[in-house]
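Please read the structure below before turning to the comments.
Values in this text are rule-based calculations from the coordinates and carry no lab data. What you see is a predicted model; the values in this text were computed from it and never measured. So basically every Cβ, Gly included, is an ideal-geometry build from the backbone, and we count neighbours across all protein chains shown.
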Amino acid sequence: AIDDSGKDFVDTIYEKTIGEGIAKITINRPERRNAFRPETMKELMRAFNDARDDNSIGVIILTGKGTKAFCSGGDQALRSKDGYVDYDNFGRLNVLDLQVQIRRLPKPVIAMVAGYAVGGGHVLHMVCDLTVAADNAVFGQTGPKVGSFDAGYGASIMSRLVGPKRSREMWYMTRFYNAKEAKKMGLVPLEKLEEETVKWCREIMRNSPMAIRLCKAAINAADDGHAGQQIGGDATLLFYGTEEGNEGKDAYLKRRKPDFSRFPRLP
Ligand code: 2NE
């Protein structure tokens with residue numbers, strides 16, 4: 001079996017002991033301002049997958065090691081013609097897979113941001129459900145400055161979050177914004193960042209997991225196009241728990257005709 005406990009992780013710290021029901025996933029490359037490489041993404045995806053599968057976990061925190069950066073995007077020193085290259089001989093843009101995984105994950109993910117959240121690191125905070133920012137947080141897209149861009153979620157979700165004009169400004173001008181300028185974020189002092197984030201997690205953990213799951217899917221549905229079918233899948237999940245759903249399966253297994261006549265056709 002694959003060990004997802006994180007013991008063999010190099011670029012990531014994966015913890016499940018900081019509070020009941022809370023998983024904390026930390027990008028651990030502080031010497032590079034937590035820039036990511038393909039290995040980082042592989043580990044993050046394994047950690048998120050484990051947190052998804054673990055039914056004792058209700059909320060996931062994504063953060064960066066240290067106080068200087070949440071994440072500074074793709075490691076430019078490893079950038080090649082076909083993406084980012086580390087141990088393989090070909091490039092990858094597997095951060096895009098992680099973005100989709102976070103969006104589709106049926107548990108809230110909170111970005112806990114201290115320092116820089118820039119480039120692909122800014123997109124990562126945007127795809128999270130919520131962001132708690134320290135007062136030293138700095139947000140921005142750098143892509144057009146370093147010959148890159150994220151025309152997927154990096155553009156579309158930003159437009160939803162800050163509006164189309166401000167998105168164009170962020171992408172076209174590659175300005176950095178401090179936490180005060182990023183008015184939509186709730187500001188907390190740096191030394192209280194984790195305490196406050198855990199408080200948010202606990203508030204979420206008090207609520208119905210299924211209601212949260214469906215709210216997340218519903219909020220994402222319009223933007224995610226076909227990927228928005230998560231909400232349809234969730235309806236199936238709920239339906240499996242009903243007598244009506246069970247009647248079909250039971251009839252099939254017993255080789256009899258299903259009888260749905262006792263179930264109402266609701267207006
Ligand atoms: C993040 C920022 C603003 C921090 O500035 P500062 O002054 O606090 O630190 P410094 O000295 O620039 O960085 C410290 C060390 O980290 C490395 C630096 O090269 C430096 O290394 P040494 O000189 O100490 O050896 N470092 C920081 N960010 C790095 C990175 N992304 N890749 C490789 N090394 C990095 C400042 O460092 C900065 O602007 N960083 C670059 C941000 C950036 O342009 N990111 C890439 C955007 S493109 C992207 O992420 C992307 C995409 O657009 C589409 C798909 C996938 C990815």
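Normalised by 2.2 N^0.38 Å, where N is the number of residues, the alpha-carbon radius of gyration of the stretch 46-147 equals 1.13.
Over all Cα atoms in the stretch 20-104, the spread is summed up by Rg and Dmax: 13.5, 44 Å. This model, with +1 at the C-beta of Lys and Arg and -1 at the C-beta of Asp and Glu, gives the chain a dipole about its Cα centre of some 740 debye.
Distance between the 7 Å Cα→Cβ label points at T17 and L161: 3.2 nm. Relative to one another, the C-alpha centroids of the stretch 45-94 and the stretch 119-165 are positioned 15 Å apart.
The length gained by stretching the chain between M210 and D223 to full extension, at 0.36 nm per residue less their Cα-Cα distance, is 2.6 nm. Of the peptides 66-72, 154-160, 241-247, the order by per-residue mean of other Cβ atoms within 10 Å, starting with the highest, comes out as 66-72, 154-160, 241-247. Take the residue pairs K16/K180; K65/K192; K65/K107; K16/K192; K107/K257 and return only those whose Cα atoms are more than 26 Å apart. The pairs that break the limit, which is 26 Å between Cα atoms, are K16/K180; K107/K257.
Compute the length gained on full extension between D54 and R175: take 0.36 nm times their separation in residues and subtract their Cα-Cα distance, giving the result in nm to one decimal.
39.6 nm
Structural descriptor for the chain: relative contact order 14 percent, calculated from alpha carbon pairs under 8 angstrom and at least 6 residues apart. For K199 paired with D82, estimate the spin-label separation in nm (one decimal), with each label point 7 Å from Cα along the Cα-to-Cβ line. The modelled label-to-label distance comes out at 5.0 nm.
One decimal place: the segment D135-F260 gains 39.2 nm when fully extended, by the rule 0.36 nm per residue minus the C-alpha distance.
In terms of overall dimensions, the C-alpha atoms belonging to the chain reach 65, 41, 36 Å along their principal axes, ordered largest to smallest. Below 13 angstrom from the Cβ of P209, what's the summed charge of the other residues (Lys, Arg +1; Asp, Glu -1)? For residues surrounding P209, the net value is +3. Residues whose amide H lies under 5 Å from that of R92, counting only those 5 or more places away or on a different chain, are Y84, V85; hydrogens are built 1.01 Å from N in the peptide plane.
Highest GNM mean-square fluctuation, the chain, Cα pairs closer than 10 Å: which of Y252, Y177, Y87? Ranking Y252, Y177, Y87 by mean-square fluctuation puts Y252 first.
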